[in-house]
Amino acid sequence: MTVTGKPPADPDDVELDSTYFPVSAIEHVAKEVIRAALPVDRFAMWQAYTETVRDAAEHSADRMPWDPPEEVTRITARSARRVLTAVLTAIPDEEEQARLAKIGEREAEKAEQAQADGEHGTAVPAGRYPPRRCRQCGKPFRPRRPNGLYCRPACRQAFWKLAQRAKAQAG
Ligand SMILES: [Zn+2]
């Protein structure tokens, strides 16, 4: 994942990218970059992060129209790049941008490696409720709602798709 470079002109080409990154990994990279930034720049950078990541989640092909964007757990690599670029370009000074871009690259590489190793890939979005196992994939997660059954929207969709198929075969 390259952190620098221009964001694509058309926000809708997000859907053409099939490589996904967990939002938890993107957030980790953004936070490491912001941690390394000058205190005076940090708030603008975090604001840029939250705005662009929400926008990416809203436009994610992974999201059902009725799902709130906060439930989106992964965004495309292209969106991830756009988010991190927005974080960097929130800094007025170009030299500072370049310095932090290097840190971002390094953290992104680490995150990619961790994802390949299954670390962030199996990470679950933490809700406030006690851990339980996802009804679809069986992975432990902390629900965001007291009656939450699925670790992510994709699991809920998969469950119902399978349930419908089973019903069609039975009847
Ligand atoms: Zn699941």
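Please treat every number below as a calculation from the coordinates, not as lab data. Predicted model only: the values in this text are computed from it and were never measured.
Please give every one of the lysines within straight-line cross-link reach of residue 31, meaning a C-alpha to C-alpha distance under 18 Å, and leave out same-chain neighbours fewer than 8 residues apart.
102, 110
Could you give the length gained by full extension between residue 99 and residue 163, i.e. 0.36 nm per residue of separation minus their alpha carbon distance, to one decimal place?
Length gained between residue 99 and residue 163: 17.9 nm.
Note the full-extension length gain between residue 43 and residue 133 as 0.36 nm times their separation in residues minus their Cα-Cα distance, in nm to one decimal.
Difference between extended and current length: 28.8 nm.
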